[in-house]
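Following: one structure in structure tokens, then a few remarks.
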Amino acid sequence: MAEPLTHNLVHFTRYLRAQGLRVVPDTTTDLVDAARAVGLEDREDAYHAFAAVTVSRPEEIPVFDAAFDLFFGTGRSRPTPIEPIELEVHPRGPRVHVIAPTTVKVDLGDEDVTDVSDQAGASAVERLATRDFSDLTRSEFAAVQRLIARMVWRPADALSRRWAPSAKGTRPDLRRTLRQMTGPAGDLMPLAMNAPKPRRRPLLVIADVSGSMERYTEMLLYFVHAARGRLGKVEAFVFSTDLSRITRELRHRDPRVALSQVGMAVHDWSSGTLIGEAFAEFNRTWGRRVTRGGPVAVVISDGWDRGDPAILRKEFGMFARSVHRVVWLNPLAGRAGFEPETRGMKAVLPFVDDFMPVGNLADLTAVVRLLESVPKRKELR
Amino acid sequence: MNNVDEVLAALASQRYVAERSLGVAVHLALELGKPLFLEGEAGVGKTEVAKVLASILDTPLIRLQCYEGLDVGHAVYEWDYPRQMLAIRLIEAQGEGAHAEVADIMSRDYLVARPLLQAVEATAKGERPVLLIDELDRADEEFEAYLLEMLSDFQVTIPEIGTIAADRPPVVILTSNRTREIHDALKRRCIYHWIDYPDFEREVQIVQRKIPDVPAELAADLARAMEKLRSMDLFKPPGVAETLDWAAALAVLGTERLSPEAADDTLGVILKYQEDIERLRAGGVDQLLATAG
């Protein structure tokens, strides 16, 4: 293989990485091998061969196409427009503003407080815990965020379809039993038993970020970020008129960075609400890809909906059947005299397992507690 | 098969109509000895590639169907418990104080080989089997991690016996319907190919190759209707497998051309969600017949 080609392929690999493809240094070797295997006489074959060793998901194909054309000329044209993945920058700046916790000092009373609702004595914390998020001052806001970051998460496990040794198991482990039967044995032959292995149940969060939710959005996304950090298996989406997946954006450890990435990725902050359409989009595009393993679905919305209640009922029903449990969090539900009487709320309530307020810190703590007692089996309706 | 054209010709000889890109991916996988990772919607012919390849290469197809909870006992090997039991009894019957040792009942003779071990052992007999690991997205992450190790050195370690290694790697084909993302580390070891729905001409070819008694006009009608259905934002768009089922169903009914009535009568062959059937009927089944442009 000619040296200039290898050199070229090194640059090609680097360029692909800069464009967001998940390539590794070894990819260059793969490219050289691929070039050797198909030859370079036929552009189209070279194109397919290079794609086969660098692309690993369909979304990357247009990015690869553009890179290939750039490096190896544009003999083979494709009508698809080029959209670089992950490097997408929207003209609008981040709409989520997060206050740096270091600039704020608030007396939290006892510094070891981790579980706010259980601390009767810590009056400052208690006052914060029951104050509606929309009434917080900027410094209180940061204090609440710090308390969220220190919450203790102990979600209930689900049972996996794998088995592990257990004295109280229900299924004999013949491999271990037979092993125990070797060597001098007595008359008693104990059966070794297995039981289903517990596994972490995934969490699926779908949050409304429309205009009516604006005063709660930032704090609730902060909460979702904390959940992701603690639980790992969290899929997150936001919607107002469109649905956007924000799982990848939330991955950054620093909540400020993560939330500003979310801010850039979502383009319809604070617009109207079409809940039914958002769930239709979820069911079509994401439903089968992120509902494996029976997630607990947490939907955060005030239920104000401009769409057709019939669509909402149908799509939300379908959604509810594809998850283990539906928890609906409504920031308005904690207010005195609240009745879930918006058209949207009425349409979805028959499918909701737990309906809870989420206006303040104590409410969030209650949600975390609820996740500790999610039953192993799906409740039938 | 020394080049892409020969691969495509061989696939065609087995009545598999492939895009050139798939031919390149198969050629690379065979040449470089890497696993081939095929991803795509359900029913676009991923599994079929493995079956066809096994018959082209005239070698056994070893298939591992993945599911949640798939473990070593079902994927790699399991001990033959009844035989072990009998062996223990036989030894104990030899007299007072006689007892079995681990080595007596845990040798290769008492092992039942499951697909992965079968594939490794077949190479010792000079074969190069096609190992199909089907619908990997259904298995859980634990199995994926095991596979990662397996695909890099093609050896199986059994604590009581030792390591059994393949003489040379089998032809490995992995498929995924993308119900979840497969880990990058695994994909990186493979030649990756996304199988898309075929375009109109290719779908007509596929129907005619697979079901020769379907009239040419009907094959074109079906390919056109499928193109329309896949653009309709359905919950589950029909794949090529559905096209073939549909063609076979209409052939059984003696249909020459696709009419709205014939389509409506047989919707259950291609659409498997009531919501999708309702959606199509709401817009009128005859929209499937409208010619393009």
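Would you call A:L220 crowded, with 20+ Cβ neighbours inside 10 Å, within 14 Å of chain B (Cβ to nearest Cβ), aliphatic (A, V, I, L, M) and touching a residue at least 24 places away in the same chain (Cβ under 8 Å)?
Considered against the rule, which asks whether it is crowded, with 20+ Cβ neighbours inside 10 Å, within 14 Å of chain B (Cβ to nearest Cβ), aliphatic (A, V, I, L, M) and touching a residue at least 24 places away in the same chain (Cβ under 8 Å), A:L220 comes out as no.
I need the full set of residues from the stretch A:168-203 which are away from chain B (no Cβ under 13 Å) and closer than 30 Å to A:I275 by Cβ, in order please.
Result: A:R201, A:L203.
Here is a list: B:G239, B:G283, B:G254. Which entry is out of contact with any Asp or Glu (no Cβ under 9 Å at 6 or more places or on another chain), at negative phi and of a type outside the set (D, E)?
Being out of contact with any Asp or Glu (no Cβ under 9 Å at 6 or more places or on another chain), at negative phi and of a type outside the set (D, E) holds for just one of B:G239, B:G283, B:G254, which is B:G283.
Which is of a type in the set (D, E, K, R), closer than 30 Å to B:L36 by Cβ, touching a helix residue (DSSP H, G or I) at 6+ places or on another chain (Cβ under 8 Å) and modelled with pLDDT under 95, of B:D71, B:D80, B:D104?
B:D71
Could you say whether any residue in the stretch A:361-373 is farther than 24 Å from A:W304 by Cβ and of a type in the set (A, V, I, L, M, F, W, C)?
Within the stretch A:361-373, one or more residues are farther than 24 Å from A:W304 by Cβ and of a type in the set (A, V, I, L, M, F, W, C).
If I ask for residues that are assigned to a strand (DSSP E or B), surrounded by 15 or more Cβ atoms within 10 Å (Cβ to Cβ) and more than 14 Å from chain A (Cβ to nearest Cβ), which ones from the stretch B:138-188 would you list?
Result: B:V156, B:I164, B:V171, B:V172, B:T175.
Which of the following residues is assigned to a helix (DSSP H, G or I) and either at pLDDT below 90 or more than 25 Å from B:T175 (Cα to Cα) (or both): B:L280, B:L258?
B:L280
Can you pull out the residues in the stretch B:14-44 that are small (G, A, S) and touching a strand residue (DSSP E or B) at 6+ places or on another chain (Cβ under 9 Å)?
B:S21, B:A25, B:A29, B:G33, B:G40
With the checklist (1) touching a residue at least 40 places away in the same chain (Cβ under 8 Å); (2) surrounded by 17 or more Cβ atoms within 10 Å (Cβ to Cβ); (3) of a type in the set (A, V, I, L, M, F, W, C) in hand, flag the one item B:A241 doesn't pass.
(2)
So in the stretch B:75-117, with the set limited to residues that are within 11 Å of another protein chain (Cβ to nearest Cβ) and within 23 Å of B:Y146 (Cβ to Cβ), which one is farthest from the chain's Cα centre (by Cα)?
So the residue we want is B:M106.
Can you name every one of the helices (runs of 4 or more DSSP H) wholly within the stretch A:1-70 that holds 3 or more residues which are at pLDDT 85 or above and more than 10 Å from every other protein chain (Cβ to nearest Cβ)?
It comes to A:3-18, A:26-38.
Which number in (1) within 27 Å of B:V52 (Cα to Cα); (2) surrounded by fewer than 17 Cβ atoms within 10 Å (Cβ to Cβ) marks the one condition that B:A98 misses?
(1)
For residues in the stretch B:189-210 being farther than 25 Å from B:D134 by Cα and among the hydrophobic types (A, V, I, L, M, F, W, C), which is farthest from the other protein chains (Cβ to nearest Cβ)?
Among residues in the stretch B:189-210 that are farther than 25 Å from B:D134 by Cα and among the hydrophobic types (A, V, I, L, M, F, W, C), the one farthest from the other protein chains (Cβ to nearest Cβ) is B:V204.
Please go through the stretch A:276-290 and pick out each residue that is touching a strand residue (DSSP E or B) at 6+ places or on another chain (Cβ under 7 Å), more than 8 Å from chain B (Cβ to nearest Cβ) and buried (at least 20 other Cβ atoms within 10 Å of the Cβ).
Hits for the stretch A:276-290 are A:A278, A:F282.
Here are the criteria: (1) outside any loop (DSSP other than H, G, I, E, B); (2) in contact with an Asp or Glu (Cβ under 6 Å, 6 or more places away or on another chain). Tell me which single one B:L8 does not satisfy.
(2)
Exactly one condition in (1) under 22 Å from B:E127 (Cα atoms); (2) among the small types (G, A, S); (3) more than 11 Å from chain A (Cβ to nearest Cβ) is not met by B:S13; state its number.
Among (1) under 22 Å from B:E127 (Cα atoms); (2) among the small types (G, A, S); (3) more than 11 Å from chain A (Cβ to nearest Cβ), B:S13 violates only (1).
Residues being among the polar types (S, T, N, Q), in contact with a strand residue (DSSP E or B) (Cβ under 7 Å, 6 or more places away or on another chain) and in contact (Cβ under 8 Å) with a residue 60 or more places away in the chain: count how many of those fall in the stretch B:152-186.
Total satisfying the criteria: 2.
Residues that are in contact with a Pro (Cβ under 6 Å, 6 or more places away or on another chain) and either among the acidic types (D, E) or over 21 Å from A:F355 (Cβ atoms) (or both): which helices (runs of 4 or more DSSP H) entirely in the stretch A:212-297 hold 1 or more of them?
By residue number, A:214-231, A:255-265.
When you scan the stretch A:112-182 for helices (runs of 4 or more DSSP H) that lie fully inside it, which ones turn up with 1 or more residues that are modelled with pLDDT under 90 and not assigned by TED's automatic domain parsing to the domain that holds A:L332?
In the stretch A:112-182, the matching helices (runs of 4 or more DSSP H) lie at A:174-180.
If you check A:V348 against the conditions, is it crowded, with 23+ Cβ neighbours inside 10 Å, outside any helix (DSSP H, G or I), in contact with a helix residue (DSSP H, G or I) (Cβ under 8 Å, 6 or more places away or on another chain) and not charged (D, E, K, R)?
No: the conditions fail for A:V348.
Quick one: which residue in A:V367, A:V374 is among the β-branched types (V, I, T) and assigned to a loop (DSSP other than H, G, I, E, B)?
A:V374
The values are calculated or read from the model by the stated rules, or taken from the named source; none is laboratory data. As the structure is a computational prediction, the values presented were derived from the model and not from experiment. Every residue, glycine as well, gets a Cβ built from its backbone with ideal geometry; the counts of neighbours run over all protein chains shown.
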